[in-house]
Structures are given as structure tokens and as C-alpha cells.
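Engineer: Got a structure for you, written out below as C-alpha cells; questions coming shortly.
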Amino acid sequence: MDSSVYQVYEDEIQLLKEEIKLLSEKYEDIKQESTFFSDEEVLMSAKLFQREFLRERKGHTPPSDLTAELESLERDLSFLEKFTGIQITSHSKKTLEKTVNRTVRKHRLSGNCQSLPFCLEFQLLEVQNKENVSAAITDLSIIVESGLCSELSKFVSSTEERGNLLMFFRSFSSYAEWCKHRRCTFLHFKAKYPSIVILPEGQEGDHIILRNPQLPGFELMIVWKVHINEEGTTTPVLDLLPKVPEQVGEQKKAAIDNAPTCFRSMLLLFGIETAIENLIQVFSLEK
Amino acid sequence: MEEGRNSGEKETALGGRSLTATSQDGGGQISVVSLAQGKVEGGKVYSGDGVLGYLEMLEAQAHELGLKQEEKEQQEKKLNRLKAKVQELRTRRDELRAKVELQEKRLLDKEGVVTDPARPSAQTVLEWKVKSIKAMLQVFYLTGISGKLTKQGVCFCISTAYEGTYLDSYYVDLLIKPEVKIQRHSVPIFIPLEQIAKKYLQTDIRRFLSILSDHLNAYVGRRHQADQLEEHFSDRIEGTLQRNSLCNLLVFNYTVSSDNKTFPFNVRLLYGDLCCSLPTEAIISCTPGTLPLLARMAAAHSNTFRQMALHKAFDSVINAKESQH
């Protein structure tokens, strides 16, 4: 009897084993993706599990790895969230396609970046190569609150087009950090000089107004925008807009017209906080 | 006396029968004719050494036939085993198929969360949670900075991508006490890791990682563009693409045709900004270099190379139609 007879069966056995592996993985995937347990349920289960295991321990079974593993993973996740400022509030995925070499999963993700919310959907294609697994993003869809910031919308569309999820996160994080820094700085000056500094659009606004009660009608507006270009580079851009009442003489007017340029030089020399501090001090002393 | 060597009979019996035949003869006398002539059996000539020879031959026959029989049995057994295995696997596969189909149907019907009617065990819940957190950690990989806490600090993983494709990832293992120090890393030697660390590691780890990530992503992006150029346009490039390990200097040649004449162009791309994946300079030289038409083309090509990704720029450059002014 020649071996080709066996080969037919052995080939089929190999195929069936592969199919079975795929099907069981698919079954587990769907089970995982369609189940949900709340944090309370998880906590309760953890306590139950520990108790059960301690009871069965009797000195020879080692303590469960499962609760230790869970704790370690939760610590890692919590650290990453604090460190990067990216918090994931919900994550769901669905396996769309699974063969021996390719897996396509659709992900839905929402969270916030330094308290700026985002919502994403994308498909992740993973291909098994000889040495490693390669991953690529397709069908990326991003929703952020861009408000009046047209630049942010442009950046988001450009990123969606290129499927550049990594760059989105890096640039959006940077943008969010600048916004946070701006907010903290504004609040700091509001607290330090409550009678002079006004936040007309609250702490999330992009400008503050300086008003000296001794100089009615005279205002200085400090505008602080966070620019983000299509390549994802974020830069803060500050400017000074003085508002002067009509009665002011020509001499003073010249000095005031010069103010924005001086402010920009101060920014370059001393940085943002010091420049604003100096400006407020000069403003509050002026008669 | 039985000569009985019927080919139709069972071979296992043959040996026995022959021996019996000889013993029945009483004293081991075999047919005189066969004795005298020797025996030719199966192509082997046995010395007509009487009974012994004949016995030897029969024994050998029996042995051979026995072996063949055994082999046949083994083959049949193996075949049956394989058939049974196939059957078993087929059944298992069909069961799994049915299970998965039921799952999918349930999902469509309920459109959302499916909870097991039986109350899940504590272990099931915990296993689910572990998988769920691992999935979230994988998402952090996609954001560019992920990592694990270690006994002495943190091991960060910086992932890189060019547009939608994820490329290499690099790790930096940090010690936290007594001061922040890099214990181990997989950053290539041509990335200025020490300079960046010296400037930022002690004061702002986040900034350190961010800048390192910029360098790595830009490097990987440049390398990827060069690889794509080689992969897709090797037939349009004369010779080979030359590059340094940091991939911030690329040199290659291609030909441009105009008026049925071909001109060789040489491109030298310099990426002055290590955190950028577009060139800061694109120097195009051609021989002969004096024709104004060529100068115009060179300028246009230089612009294209500086504004677009390399493989896309090249595609645009070789497919551009020279417009006649």
C-alpha cells in the first residue's frame, strides 16, 4: 500500500485541526466580546475566589495566580492612565474575519485625554508573518469636541484619511496638555489677581481680560490659542489685544500700539507665565 | 501425501500443513521427485539437501508470508485509525460550528449583551476581566506609549507607526530609585538617546518619552518610505537606493524622458530635522545640466520630494506629464 492513501487522510486531519483551532478561538472571542461584568461583580468574584482558594489551600496548593494576575494588570493599566493622561472609559471589539493568517477586528473606543473627550471607531487588521504579526488600521473614524477650533477639525479629518491612529493619540495628548496648562495658568492668575483678571469664557476659554478698576474703558485681552497643524505638531500662540477708550492721547496710543510686540518679545525671553505676570503687574500699577 | 500448495489457501496454514505433511510421511520422507530436483521456490534455489533444505525453504516462506500478513494488518489498522481520527475531528468541528452559529444567532436576536443563563462562576468572571484588561493594554500599545510596572521601576514600550501601519516597537527599562536611570533599552545606536535622556530624563519622564518617540517614529517613517520606494519602484530606479542607517540621507538615480530623449537625474535627499519624516533638502542634479527645461523639471521634482511622502512623490514625479509652455 503506498503512502499516498495515508496522505489524503493526513491532509484532511491537518485541515480539520486548523479549522477546529479557528472555530474554538472564534467561539472564545465572541464569548469574550459579548459578555460584560460590572466592577462590583468582578470585585465580588475576586473575594469569592480568594475565599474558595484559601479554603482548599491546606498547605499544598499555591495561592491563586488569577487574582494576582488581575491585580498586576490593573496596576499596570492604572499607572498608564495616570502617566499618559489617556483614560479609556469604554472599549468594545468585534471579530469580523478570522483565518489562519489574518484577523480583522472592529474596535469602538471612547475615553478622554486630560479630560478632553474622544470617541473612535476603527478596524484593526493583523497578519501573521513568518517572524511577527503586522498590524494596520483601516476605516478610522474620530469624534472630538472641536468647538470653534477649525484647526482641530482639519487635523482630525487628515488623520482619519491616513488612518493614523498613533499620531492622533500623540498629537491629541499634546494638544490636551497644552489646554490643561492654559487652564491652570488662567486659574492661577485669576486666583492671584481676582480684581484685575477676568475669565469671560470661564476656565476653558482661550482668552483672559485684564481690567484695572482705576482705568475704566481700558482693557488688555491676552489670547492664548493652541495651534495644531495637519502633521500633528502643537504650538501655543499668544497675543495681546489692547482696548483703549477714545479719549486717550496720541502719545499713549503709540505706546499702546507697541504693547503687543513687547509682549511677544517677553514671551520669547521669559516664557508664558512670567510674561503674563509682568504684564499684569505693569497694568495694575499704571495710572 | 499431501502436496497441498494451493495458492488459494490461507498462507498461514501453509507452513503448518507442510510440516504436518512431512511428519505424516513418517520419518520425514518427501516426494522423491522434488527431492531429487532440488526446489525452486520464489526464485530461490534450495539445495536439494533433502528434508532440511525443504524445511528451511518452507520456513522462510512462512516467515515471509507472515511478515506480509503482519504488514497488511498494520496498514489496515493504521488506515482505520486515520479514518476514525478523521471522523472524530469532523464531529468536533461540526459541534463547534453549531456552537458558533448559535452564538452568532443569539447576538443578532438580542443585539447586545448575552449573559449565560447559568450563573457564571467566580473564576469565569475573573478570567473575563483579565482578558478585558489585556485588551485595554493592547489599545495603549496602539496609542504609542505603553508599558509594565517592574519591581524596580517601569519598562516602557514605544510603538511606532507610519500612517496606518504599525512598525517596530522599542522598549526602555527604567529604574526609579535612587534616581531615574535607563537600565536596558532596545533603541538603535544612531538615535541620540543619551542626549535626550541627559536633557529630560531626570526632570520630566513624559517629555523624555515624547521626544524619544518623535525621533523613533520619524526614523521608522523615513525607513518605511525608502523600503516602499524600493519595493514598488525598483524598476524605475537606476542602480540601488543608497541610504545611511538613520535614513536621513538618501541618494538614488532615475531617468526622465522628454522629446524622446532620456536624462539621468540624481536625487540627494537630506532630512535635516530628525523628528520629521519629510526631507528638508532635495538636491536634484542631472547631466547635462544646462537645459532650461531640465532645470524646470528638477525644481518641480525637488518641490514634490520635499512635500510628499517619498514613494508617493516618486510616483507623482515619474507619471507627471511635462506640459509644453
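Engineer: Can you name the condition, by its number, that A:ILE256 falls short on among (1) exposed (fewer than 13 other Cβ atoms within 10 Å of the Cβ); (2) more than 17 Å from A:ARG182 (Cα to Cα)?
Structural biologist: Answer for A:ILE256: the failing condition is (1).
Engineer: Further, regarding this structure: Which of the residues spanning the range A:219-230 are open to solvent by less than 40 Å² (accessible area, probe 1.4 Å) and in contact with a helix residue (DSSP H, G or I) (Cβ under 9 Å, 6 or more places away or on another chain)?
Structural biologist: A:LEU220, A:ILE222, A:TRP224, A:VAL226, A:ILE228
Engineer: Could you list, in sequence order, the residues of the range A:17-37 that are open to solvent by 60 Å² or more (accessible area, probe 1.4 Å), touching a strand residue (DSSP E or B) at 6+ places or on another chain (Cβ under 9 Å) and more than 7 Å from chain B (Cβ to nearest Cβ)?
Structural biologist: A:GLU25
Engineer: Continuing with this model, one more query. Among residues belonging to the range A:273-287 that are surrounded by 15 or more Cβ atoms within 10 Å (Cβ to Cβ) and over 35 Å from the mean Cα position of the chain (by Cα), point out the one that is farthest from A:GLN214 (Cα to Cα).
Structural biologist: A:PHE283
Engineer: Here's something else I'd like to know. Among the residues in the range A:146-166, are any touching a residue at least 24 places away in the same chain (Cβ under 8 Å) and on the phi > 0 side of the Ramachandran plot?
Structural biologist: yes
Engineer: Output the residues belonging to the range A:261-272 that are within 33 Å of the chain's Cα centre (by Cα) and surrounded by 13 or more Cβ atoms within 10 Å (Cβ to Cβ).
Structural biologist: Correct list: A:PHE263, A:ARG264, A:MET266, A:LEU267, A:PHE270, A:ILE272.
Engineer: So A:SER78 fits all but one of (1) among the polar types (S, T, N, Q); (2) within 11 Å of another protein chain (Cβ to nearest Cβ); (3) part of a strand (DSSP E or B); what number is the exception?
Structural biologist: The one condition A:SER78 does not meet is (3).
Engineer: With B:VAL139, B:VAL130, B:VAL86, B:VAL187 as the choices, which residue is facing another protein chain (nearest Cβ under 7 Å), of a type outside the set (Asp, Glu) and within 25 Å of the chain's Cα centre (by Cα)?
Structural biologist: Exactly one residue qualifies, and that residue is B:VAL139.
Engineer: How many residues are of a type outside the set (Phe, Trp, Tyr) and more than 22 Å from the chain's Cα centre (by Cα) when one looks only at the range A:156-192?
Structural biologist: Qualifying residue count for the region: 5.
Engineer: Does B:LEU274 qualify as being assigned to a loop (DSSP other than H, G, I, E, B), touching a residue at least 12 places away in the same chain (Cβ under 8 Å), closer than 22 Å to B:LEU246 by Cβ and in contact with a Lys or Arg (Cβ under 9 Å, 6 or more places away or on another chain)?
Structural biologist: The answer is no for B:LEU274.
Engineer: Determine whether A:GLU160 is surrounded by 15 or more Cβ atoms within 10 Å (Cβ to Cβ), modelled with pLDDT of 90 or more, among the acidic types (Asp, Glu) and in contact with a strand residue (DSSP E or B) (Cβ under 9 Å, 6 or more places away or on another chain).
Structural biologist: In short, yes.
Engineer: Assess whether A:VAL127 counts as being aliphatic (A, V, I, L, M), more than 10 Å from chain B (Cβ to nearest Cβ), without any contact (Cβ under 8 Å) to a residue 60 or more places away in the chain and under 30 Å from A:ARG182 (Cα atoms).
Structural biologist: In short, no.
Engineer: Name the single residue, out of those in the range A:82-100 being among the hydroxyl-bearing types (Ser, Thr, Tyr) and assigned to a strand (DSSP E or B), that is least open to solvent (accessible area, probe 1.4 Å).
Structural biologist: A:THR95
Residue by residue, here is whether (1) open to solvent by less than 50 Å² (accessible area, probe 1.4 Å); (2) within 14 Å of another protein chain (Cβ to nearest Cβ); (3) closer than 26 Å to A:PHE122 by Cα; (4) more than 18 Å from the chain's Cα centre (by Cα) holds:
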{"position": "A:THR138", "(1), (2), (3), (4)": "no, yes, yes, yes"}
{"position": "A:PRO194", "(1), (2), (3), (4)": "no, no, no, yes"}
{"position": "A:LEU210", "(1), (2), (3), (4)": "yes, no, no, yes"}
{"position": "A:THR233", "(1), (2), (3), (4)": "no, yes, yes, no"}
{"position": "A:LEU241", "(1), (2), (3), (4)": "no, no, no, yes"}
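Engineer: Please note which strands (runs of 3 or more DSSP E) are completely contained in the range B:78-175 and include at least 1 residues that are farther than 22 Å from A:ASP76 by Cα and open to solvent by 20 Å² or more (accessible area, probe 1.4 Å).
Structural biologist: B:153-162, B:165-175
The values are calculated or read from the model by the stated rules, or taken from the named source; none is laboratory data. This structure is a prediction, so every number in the text was calculated from the model and none was measured. Backbone-built Cβ (ideal geometry, glycine too); neighbour counts: all protein chains shown. These area figures cover heavy atoms from the full protein model, side chains too; ligands, DNA and RNA do not enter into them. Shrake-Rupley method; radii C 1.70, N 1.55, O 1.52, S 1.80 Å.
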